[in-house]
Amino acid sequence: MNNGMILLVARILLAVMFILSGFEKFGDIAGTAGYIASKGLPMSTLVAWATAIFEVGAGIALVVGFQTRLAAFALALFCIAAAVIFHWDFGDFVQRLFFMKNLTIAGGMLALAVAGAGSISVDAKRSQH
């Protein structure tokens, strides 16, 4: 398998969680807003909508390889922020695991931000013109 194909598979694997999570948030904005508000964040409904839109949009950008470095970097920051805001309870095994999962995904996103989309992407097609 060549590097372009491996980067495509990596982009898809990294993006799936965000796309599905974003669509789940669209299906329950009130529940998502309630969870956000439970952490003391203001404007929870607006944040819920913005998060859903961001997750789906950035996830799709990764899949197709459009503005990949920017999308991956933004998703890395998002994962770190989510870890700190929502999963900081190290006394709870599940929250500690979610915290580490978010940091791990952020690491993958940073690697993708450095590597770029690869040859099978909109970014590669755009750079040829």
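Looking at Ile85, is it part of a helix (DSSP H, G or I) and within 17 Å of Val9 (Cβ to Cβ)?
no
Looking only at residues that are among the polar types (S, T, N, Q) and more than 21 Å from Ile6 (Cβ to Cβ) in the range 64-116, which one is nearest to the chain's Cα centre (by Cα)?
Filtering the range 64-116 for residues that are among the polar types (S, T, N, Q) and more than 21 Å from Ile6 (Cβ to Cβ), the one nearest to the chain's Cα centre (by Cα) comes out as Asn102.
To keep it simple, each residue is scored yes or no on (1) assigned to a helix (DSSP H, G or I); (2) hydroxyl-bearing (Ser, Thr, Tyr).
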{"position": "Ser21", "(1), (2)": "yes, yes"}
{"position": "Thr32", "(1), (2)": "yes, yes"}
{"position": "Ala37", "(1), (2)": "yes, no"}
{"position": "Leu41", "(1), (2)": "no, no"}
{"position": "Val56", "(1), (2)": "yes, no"}
{"position": "Gly59", "(1), (2)": "yes, no"}
{"position": "Leu62", "(1), (2)": "yes, no"}
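Here are Thr68, Thr104: which of them is farther than 20 Å from Ser38 by Cβ and free of Cβ contacts under 8 Å to residues at least 12 places away in the same chain? Working first, answer last.
Values: Thr68 fails: free of Cβ contacts under 8 Å to residues at least 12 places away in the same chain.
The conditions single out Thr104.
In this structure, does Ala111 turn out to be free of Cβ contacts under 8 Å to residues at least 40 places away in the same chain, in a helix (DSSP H, G or I), small (Gly, Ala, Ser) and touching a Leu at 6+ places or on another chain (Cβ under 6 Å)?
Answer is no for this residue.
Check Gly4 against each of (1) touching a helix residue (DSSP H, G or I) at 6+ places or on another chain (Cβ under 6 Å); (2) under 30 Å from Ser127 (Cα atoms) and name the one condition it does not meet.
In the conditions (1) touching a helix residue (DSSP H, G or I) at 6+ places or on another chain (Cβ under 6 Å); (2) under 30 Å from Ser127 (Cα atoms), Gly4 misses (1) alone.
The conditions are (1) within 18 Å of Leu112 (Cβ to Cβ); (2) surrounded by 19 or more Cβ atoms within 10 Å (Cβ to Cβ); (3) of a type in the set (A, V, I, L, M), and Leu13 fails exactly one of them. Which is it?
Every listed condition holds for Leu13 apart from (2).
The numbers here are math on the coordinates, done by the rules we state, and not lab data. Just so we're clear, the structure is a prediction, and the values are computed from it rather than from any experiment. Note that each Cβ is placed from the backbone with ideal geometry, even for glycine, and that neighbours are counted across all protein chains shown.
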